[in-house]
1. Which of 337, 350, 267 moves the most in a Gaussian network model of the chain with Cα springs under 10 Å?
2. In terms of modelled amide H atoms, which long-range or inter-chain residues lie less than 5 Å from the amide H of residue 106?
3. P(r) of the stretch 195-277 in 5 Å steps, Cα pairs, percent per bin?
4. Contour minus end-to-end for residue 67 and residue 231, with contour as 0.36 nm per residue of separation and end-to-end as the Cα-Cα distance?
5. Quick one: helix 107-119 against the long Cα principal axis of the chain, what's the angle to the nearest 10°, folded into 0 to 90?
6. Taking 0.36 nm per residue of sequence separation and subtracting the Cα-Cα distance, how much length would be gained by fully extending the chain between residue 94 and residue 428, in nm to one decimal?
7. 222 nm [θ] for the chain, helices only, -39500 (n - 2.57) per DSSP H run of 4+, per residue, to 500?
8. Which value, in debye to the nearest 20, gives the size of the charge dipole of the chain about its Cα centre, when Lys and Arg are +1 and Asp and Glu are -1 at the Cβ?
Amino acid sequence: MHMKTLLLSTALAASMATGAVAPATADDVLRIGASLPITGNFSINGLKHKQGYELCVSIINERGGIHGREVELIVSDNRSDPATAIAQYERFINVDGVEAVFGTFSSKLSFPLANVLARNGMLHPLPAGGALRIYRQGHDNIFYFQPNAAEYVGATLEGLIEDLIPEGERPQSAAVVHADDFFANAVSDGLLGNEVRNPSDGSLVENMAPGFIASAGMELVYTETWPEEGFNDWLRLANSIKRSGAQMIIALTSSAEEATQITRALETVQADPRLIYLSQGTQAEFHEGVGAASDGIIIHTSWHEDAPFDSVLGGQPFTNGDFVDAFSAAYGHAPDEDSAIPFAVCQGVEQAMLGTGGTDNAAMGEWLGARTQDDPVETVLGSFSWDETGLPENKPFLMTQWQNDGELNFIYPTDAFDGVADMQFPRSGF
């Protein structure tokens, strides 16, 4: 750890221990609001998003604030409920007098919030909310801080299969099971080639035909959707998947806990596919929950600790390695993508404020929209510029694989940066 990072991290660790993220000691504070699912179905992700936001704001304040103003982060628990999240953002804007907001976790919450923030003229930087329909509502204030819409995860998965598995060894059949959740449904739509429609009026957003399962040369032999809440019939589902004989299992969950449950069930019934892909499971909690059963499982991600990304924070250089060091010192454990993504959102908002010389949300939106690949926003997730809908340009998902009972290694794309591990294939079974 560099000495400047060590000194900074020591101070941050002390502030995190006391819960003093950004005390308002002056009248002229810059208030930013964030409603997060600290409790409820998305609580694991929500707590980590809170840590990412808090750490970023703390470092900004350690480095002098924004335009000399100390930043005060106001976080409210929306309990994973859309109506509560909407009410809290309305309060941030109309009662608390925030000058900017950070987005919340999950497509389920982000979809209705997009209209609320647009109506109030607020910049909407999203850490999580990958469903394509969020970005096809016609808002010009919305910016997604992940690689692409969820419907296109399958494109990277198809590329991995074609680039890393010899043609004669590729899986020929697939089972796709998923939660009845905004994000999981979106990934499934892309894989199965469904029509994506706006839930408010039924209008066509995008036709994903033929779907990435078909274009990868696989036959769909089983599919099932489970309810968003209260599902516990994991062993029956796992047995149905096993009986299908699918050579590739794709399980799209709404949380790391669901990823743990489906993996445990597949292990119990001794399913033996050649390849398993999960939409969640990069978290340490997943490996703690399933142990060596995680080996060989592939999961997409937006961030990896070994990525050599350079960025700026507080007007000073700040690398991905600096983020890992600062987070570990502040919280006592290494970060994962659920903290890195909101940290990147905070970086982007700060750069927009510095780039525009103030906190006018319309100006910040124009500034972010004007970024290009040659003049991007620089974050711990790498560089960002966006298309007219608010989705990142030319930014593929990263594919990781659990290996050696506890190592989450980056495996694809192979030319993204150095340090790519060889993919383990076929999976050796549970």
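1. Looking only at 337, 350, 267, the biggest GNM fluctuation is shown by 267.
2. For residue 106, the qualifying residues are 128, 129.
3. It works out to 3, 12, 21, 20, 17, 15, 9, 3, 1, in whole percents.
4. On the way: separation 164, 0.36 × 164 = 59.04 nm, distance 4.91 nm.
Result: 54.1 nm gained on full extension.
5. 40 degrees
6. On the way: separation 334, 0.36 × 334 = 120.24 nm, distance 5.60 nm.
Separation in residues times 0.36 nm, less the Cα-Cα distance, equals 114.6 nm.
7. Rounded to the nearest 500, it is -11500 deg cm²/dmol.
8. Working: 22 positive and 58 negative charges, 140 e Å.
Result for the chain is approximately 680 debye, rounded to the nearest 20.
Throughout, read-outs are computed from the coordinates displayed, never taken from laboratory work. Since this is a predicted model, take the numbers as computed values, not measurements. Cβ: placed from backbone, ideal geometry, glycine included. Neighbour counts: every protein chain shown.
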